[in-house]
1. Any idea what the dipole of the range 189-305 comes to, in debye rounded to 20, about its Cα centre with Lys/Arg Cβ at +1 and Asp/Glu Cβ at -1?
2. Principal axis lengths of the range 134-229 from Cα atoms, whole Å, largest first?
3. Taking +1 at the Cβ of each Lys and Arg and -1 at the Cβ of each Asp and Glu, which of Asn82, Ile71, Gly131 sits farthest along the dipole of the range 70-211 towards its positive end, judged by Cα position relative to the Cα centre?
4. Give, rounded to the nearest 20 debye, the magnitude of the charge dipole that the range 141-258 has about its Cα centre when Lys and Arg contribute +1 at Cβ and Asp and Glu contribute -1 at Cβ.
5. Classify the range 155-201: rounded, prolate or oblate, from the alpha-carbon gyration tensor (a ≥ b ≥ c, eigenvalue square roots; a/c under 1.5 rounded; otherwise prolate if a/b is larger than b/c)?
6. Would you mind checking the range 84-121 for residues with the amide N under 14 Å from a putative spin-label position 7 Å along Cα→C-beta of Asp70?
7. Describe numerically, in nm with one decimal, the distance between label points set 7 Å from Cα along Cα→Cβ at Ile46 and at Val160.
8. Starting at the first residue of the range 231-236, write each ³J(HN,Hα) from the Karplus equation 6.51 cos²θ - 1.76 cosθ + 1.60 with θ = phi - 60°, in whole Hz, x for Gly and Pro.
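Bear in mind these aren't lab numbers, they're just calculated from the coordinates by the rules spelled out. What you see is a predicted model; the values in this text were computed from it and never measured. Counting neighbours? That spans all protein chains shown, and the Cβs are built from the backbone with ideal geometry, glycine included.
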Amino acid sequence: MNTDTAEPIEAGLDPSQLMFKRKWADTLRVTFRAVVKVKGGLWGGIFISVMLICAIGAQWISPSDPNAQDIMHRFAGPSLDNFFGTDYLGRDIFSRIIYGCRIAVLVAFSTVSISSIVGVFLGVVSGYNEGSKLDYFVIWLFDIVRSFPQIILALAIVAVLGPSLVNVVVALAFTAFPFYGRIARAQTLSVKEADYVKAAEAMGLQPIKIILRHITPNIMAPVIVCLGMDMATMIVWESGLSFLGLGVRPPTASWGIMLRNGYKYIQTSEWMIIWPALAIALAMIAFSLFSEGLRVALDPKERER
């Protein structure tokens, strides 16, 4: 038996697939190293990692039940028993901040994932079929959605559908997908003239395969950078919707709901509004710094400096 071909056979991949897999693994490794070299990207990545850990392991990390009430000790300041103090119902603010990471992470990743997948697919299809009726329809769809202020449209959608976590994700994703579609279409217009795309067309490859295999992977760099920046925006908007009573429903721990409650009692206990506001601000800064690190990592000229 020839042992030279054992690796592709054991992996269940042909040589071209194995090479593609190794190429992506090498790209991810180089990108990670480049992001770490950027000081802002490193610190942003660390804070995002902490958020993910808190979101996944909130029930093990938080010192108490976020909804457990202790009326006798409400409005308490920071102490060894309650690191961030307690709110108007005596609930531990530190535990609620940790559980609030779940809502923030879930909304940010879900919204950005849905909007980017839909937007990139429509943008690539539109750009590849430039000048066709399909192209004009997709551009018209993008223009219709983008003609409304994004947060106003999200408010209207949630007001119609009703306040809930799912409806917040749907509303924010619907208002954001044209942004990714525009980027994908602009990138596709330049990439589709590349030699490897023309070669694939000459070989008779189906358009959908050309789009998925040859165009989409080569336009993702600017999209990925925008993903990180957009996640910070989605966290702020979810907090804003929850602050207005159109986000997640109480008693679910959400940074926006905590801001709303803290605003009511700002004269009684400033801690109720300081900690969730600080959490939102740090999340925004972290995602922005990490996006900057990604931008440098995915730009060969910046990476070589």
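1. Values: 11 positive and 10 negative charges, 46 e Å.
About 220 debye.
2. Here the spans come out as 51, 28, 19 Å, largest first.
3. Of Asn82, Ile71, Gly131, it is Gly131.
4. Working: 8 positive and 6 negative charges, 30 e Å.
Dipole of the range 141-258, to the nearest 20 debye: 140 debye.
5. On the way: a/c = 6.60, a/b = 4.04, b/c = 1.63.
Prolate is the answer for the range 155-201, as a/c is 1.5 or above and a/b outweighs b/c.
6. 84-96
7. 4.6
8. Using θ = phi - 60°, the values come out as 4, 4, 5, 5, 5, 5 Hz.
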